[in-house]
1. Rounded to whole Å and sorted largest first, what semi-axes of the equivalent ellipsoid does the C-alpha gyration tensor of the stretch 60-242 yield via the square root of 5 times each eigenvalue?
2. How large is the charge dipole for the stretch 60-242, taken about the Cα centre, if only the Cβ atoms of Lys, Arg (+1) and Asp, Glu (-1) carry charge, to the nearest 20 debye?
3. Which loop trypsin sites (Lys or Arg not before Pro) in the stretch 112-195, with loop taken from DSSP, have no more than 14 other Cβ atoms within 10 angstrom of their Cβ?
4. Just to be sure I understand the model, the point goes 7 Å from the Cα along the line to the Cβ. What's the resulting Gln99 to Val25 distance in nm?
5. If I take every Cα pair under 8 Å that is 6 or more residues apart in the stretch 60-242, average their sequence separation and divide by the length, what percent do I get for the relative contact order?
6. Given the Cα-Cα distance of Ala239 and Ala135 and 0.36 nm per residue of separation, how much length would full extension add, in nm?
7. Among Ala132, Leu221, Ala234, whose Cα lies farthest out toward the positive end of the dipole of the stretch 60-242, if unit charges sit on the beta carbon of Lys, Arg (+1) and Asp, Glu (-1)?
Amino acid sequence: MSRGIAAVRSTGATRFPLRGAAAKVALPAGRRCGAPRFCPFLGRPIAPMSASLPPPGARLMMILPPQGVADLGACLDAGDVAAVIWRGPPPADQVAEAQRRDVAALAEGGARAAVEGLDGAHVGDPAALKAALSALKPDAIVGAGGLTDRHEAMVAGESGADYVLFGDLAGAAGSFPRTLDLAAWWAEVFEVPCVGVATSLDEVEALARAGVDFVALAGPLLDAGQGPANVAAAMARIAEAGA
């Protein structure tokens with residue numbers, strides 16, 4: 001079911017069309033990532049590589065504990081997963097499993113991504129973002145998280161982050177209303193791709209309706225044995241939101 005990144009590369013910047021009549025704000029692209037697996041995060045056109053275009057709507061990401069999940073391959077095959085974020089140094093075999101499917105492999109942290117064969121890093125501390133960008137760009141993906149308000153998000157976007165992520169990677173209870181508020185605001189105004197963290201299928205659908213570019217599945221959605229079914233169900237919810 002997964003299309004892989006090649007199908008997305010054919011659309012380049014048009015993967016994220018303007019919503020409504022008003023133009024969105026294009027923050028400085030700076031040294032945007034050239035990592036092949038994450039071309040959807042680029043803010044520039046990419047040479048066509050496939051005649052097939054992806055359907056509209058958000059793509060998925062997965063947020064995993066350092067040890068990963070036993071059914072990672074089945075999860076990746078169950079839906080359109082663009083990237084996996086491990087909350088620590090991931091197992092090499094799982095990194096390879098993701099990359100074989102053209103799924104970007106990211107680790108939470110900074111410069112460690114440059115030496116572990118990963119595609120990039122998710123930086124959850126806004127204060128550490130500048131150093132990570134300097135160390136890893138332009139060859140790796142650098143995403144920004146830990147963003148608690150609009151100002152922090154705009155600073156991250158202006159700094160050259162490949163995406164901004166709203167929500168708690170651990171799926172903390174009670175955090176979703178703020179996540180949805182920030183994600184909906186960003187998706188309406190800015191071109192830099194945004195990610196919203198979801199821990200339930202209802203949250204997946206709410207984020208998709210808000211216009212996010214990526215929904216990151218976390219917490220209970222990826223519990224042992226539940227991941228593949230929930231990935232497929234998340235895809236169905238996203239399709240419903242775009243209908």
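1. Numbers: eigenvalues 99, 91, 34 Å².
In descending order the semi-axes read 22, 21, 13 Å.
2. Details: 10 positive and 25 negative charges, 49 e Å.
So the magnitude is around 240 debye.
3. Details: sites: Arg112, Lys130, Arg150, Arg178; in loops: none.
Loop-located and lightly packed - none at all.
4. For the pair Gln99/Val25, the computed spacing is 3.7 nm.
5. Details: 368 pairs, mean separation 34.7, N = 183.
Averaging sequence separation for qualifying contacts and normalising by length gives 19 percent for the stretch 60-242.
6. Working: separation 104, 0.36 × 104 = 37.44 nm, distance 3.77 nm.
Stretched out fully, the Ala239 to Ala135 stretch lengthens by 33.7 nm.
7. Projecting each Cα onto the dipole axis, the largest value belongs to Ala132.
Any read-out appearing in this document is the output of simple, stated calculations on the displayed coordinates, not a laboratory observation. These numbers come from a predicted model, not from an experiment. Cβ: placed from backbone, ideal geometry, glycine included. Neighbour counts: every protein chain shown.
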